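*Asks:* Submitted below is the structure of interest, expressed as structure tokens.
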Amino acid sequence: MKKSTIWLLAAIMALTFIGLLYMQISYMENMVRMRNEQFSEAVKRSLYDVSTTLEQDETKRYLAEDIEETQKRLLSFERGTSKTLGKDVISTHHQFSIVSPDGTVSNFSFKELTSTIMMQPKVSVTPKEDNNSITKTYRGMQEMLKGQYLYQKGLLDEVILNILSTASNKPIMERVDARKIENYLKSELQNNGLNIPFQYAIINKNGKTVYNTPEYAPQKESALFTQILFPNDPPNRLNYLKVYFPTKSDYIFSSIRFMIPSFAFTMVMLITFIFTIVTAFRQKKLTEMKNDFINNMTHEFKTPISTISLAAQMLKDPAVAKSPQMFQHISGVINDETKRLRFQVEKVLQMSMFERQKTMMKLNTVDVNGIITSVMSTFKLKVEKYGGTIEADLEAEDAWVKVDEMHFTNVIFNLLDNAVKYAREDVPLSLFIRTRILDNDKVEISIQDNGIGIKKEDLKKIFEKFYRVSTGNVHNVKGFGLGLAYVHKIIHDLNGTIRAESELNVGTKFIIILPLIKNK
């Protein structure tokens, strides 16, 4: 599959998932916003109703007290009965007096006429009076009733004003009952469809807490609601009821719980899609690297094969057979090129190791310093051939580790060979190997060179198989890109770690850490 096709599919799928996620997130945001608005409106209605109920309770209480005091001021009530106007009509005469707070005595009296036949009150009209007199009497009664109404209304207004003035001067906790407030809150919240726990406090005008429930500790401003208690009080004596809902968030988000599985499935699909696209690009890159590997492998095999073929043709020359010195030289060339071919074949065979999760090894307890010394003695000639030096500081004592001797030797050899390949041409090669014991019963092996170094972006990928630091398809150093990948896999299979530190045009340092064997 072409890379452009992969990019096209990735773009289409990405737009699809972005649209789907946008719709789901927008729907959930709208649900949360609507739920939050409904919650706020329900709480505000409930708090307003609680405040109104408290005002009504206080007004009723003061009215009852005022009526009781008024009844105590009644001094006398006289009632007389006289039977006149004949045997069929009973005339009852009522008299009573009221003493007002300023000491004024008001006397009242009225007559009640009762028929013995119907036993219903009758209004007696003197036949001598004309209709005009009756009309005047009716109008007079209307004026009297209107005056009584206005008088009673004025008295009631005065009583209410007195109640408000008297009540506002009292401390808030003498005007309300904390238990009643809690009961009113529960009742009103349930009436508005809210059955969730709450905590509340009463705050005065100065912000001082007058009363609060034991667990009142507001943490989120959005879950705290305020209502004025007795809003008709003077501004400097106002008190506030603050109600906090600790589980408001749970209540709000409970409305979108059914969307969570859908959102989770969408995220799983998105992750799967991303993984698929990344895998496709990695496979594409791996294919390109394998093709590059085949090209390099062909080049590496072609040179020694051509050399051996040429040497074989020279051996057929009778003149060569007569010259032992020439024969020995050609035989040496064939032997060297055969070794080179064998080494390249071993490199190719290392590829099969990467398909296994665990490399088959023959583990033995060996001395790290001994392995390094052996490799150094073999590699020293190659380093000196390029005019370089190799030194070691093997300060680790009793550095015994359990490794496969052959694979571990190849690891050290590959790292040294890698340093030679990437040496700078303007300065002599310098290699330094060091071993030391760490505090956590582990040994550290560091191999440092003064080569060309590795860029930071390449440093993260040097342990990937087939990866080679290069520009395009041009490689300045021969190889298959398997050496460091092989090193990383072997060290990992030995329960160790390896990392690289490098600076461009300064050099590279590989650090290997392996667990020690205490009892060899």
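*Asks:* Taking 22 Å as R0, compute the FRET efficiency from the Cβ-Cβ separation of residue 59 and residue 187 and round it to 0.05.
*Replies:* Taking R0 as 22 Å, the efficiency between residue 59 and residue 187 is 0.70.
*Asks:* Okay, moving on. Could you tell me the calculated FRET efficiency between residue 267 and residue 15, based on Cβ-Cβ distance and R0 = 22 angstrom, to the nearest 0.05?
*Replies:* Using R0 = 22 Å, I get an efficiency of 0.85.
*Asks:* Run the count for region 259-352, please: Lys pairs, Cα-Cα under 25 angstrom, 8 or more apart or on different chains.
*Replies:* Number of lysine pairs found: 10.
*Asks:* Another one. Can you sort 49, 393, 57 by how many other beta carbons sit within 10 Å, fewest first?
*Replies:* 393, 57, 49
*Asks:* 7 Å from Cα along Cα→Cβ at both residue 446 and residue 174: what's the point-to-point distance in nm?
*Replies:* 8.3
*Asks:* Fully extended, how many nm does the chain gain between residue 219 and residue 336 (0.36 nm per residue separation, minus their Cα-Cα distance)?
*Replies:* 34.1 nm
*Asks:* List 342, 424 from most exposed to least, where exposure is judged by having the fewest other Cβ atoms within 10 Å.
*Replies:* 342, 424
*Asks:* On to the next question. Which shape class applies to region 259-352: rounded if a/c is under 1.5, otherwise prolate when a/b exceeds b/c and oblate if not, where a ≥ b ≥ c are the square roots of the Cα gyration tensor eigenvalues?
*Replies:* prolate
*Asks:* Suppose the chain between residue 360 and residue 278 were pulled fully straight at 0.36 nm per residue; how much longer would it get relative to their current alpha carbon spacing?
*Replies:* Net length gain for the segment: 26.5 nm.
*Asks:* Using only Cα atoms, locate the centre of region 2-56 and the centre of region 273-314, then give the distance between them in Å, rounded to an integer.
*Replies:* Using only Cα atoms, the two centres lie 55 Å from each other.
*Asks:* Now for a different question. Just to confirm a number: summing +1 for Lys and Arg and -1 for Asp and Glu over residues other than residue 208 whose beta-carbon lies under 14 angstrom from that of residue 208, what do you get?
*Replies:* Local net charge: +3.
*Asks:* Now a separate question. Fewest first, what order do 460, 208, 509 take by the number of other Cβ atoms within 10 Å?
*Replies:* 208, 460, 509
*Asks:* Each residue of region 210-225 in order: what ³J(HN,Hα) in whole Hz does its phi give by Karplus 6.51 cos²θ - 1.76 cosθ + 1.60, θ = phi - 60°, with x for Gly and Pro?
*Replies:* 8, 8, 8, 6, x, 9, 6, 8, x, 10, 10, 5, 5, 9, 10, 10
*Asks:* Check residue 503: other-chain or 5+ apart residues with amide H under 5 Å from its amide H, H built from backbone geometry?
*Replies:* It is 454, by chain and number.
*Asks:* Using 0.36 nm per residue of separation minus the Cα-Cα distance, give me the extension gain between residue 257 and residue 146 in nm, one decimal.
*Replies:* This chain segment gains 33.4 nm when fully extended.
*Asks:* Along Cα→Cβ, 7 Å out, is where each label goes; now give me the distance between the ones at residue 456 and residue 290 in nm to one decimal.
*Replies:* 3.4
*Asks:* Distance in nm between label sites at residue 327 and residue 310, each 7 Å beyond Cα in the beta-carbon direction?
*Replies:* Going by the 7 Å Cα→Cβ label model, 2.3 nm.
Since every read-out is calculated from the coordinates, none of them should be taken as a lab result. Everything quoted here is computed from the prediction, not taken from an experiment. Please note: Cβ atoms are built from the backbone with ideal geometry, for glycine as well, and neighbour counts cover all protein chains shown.
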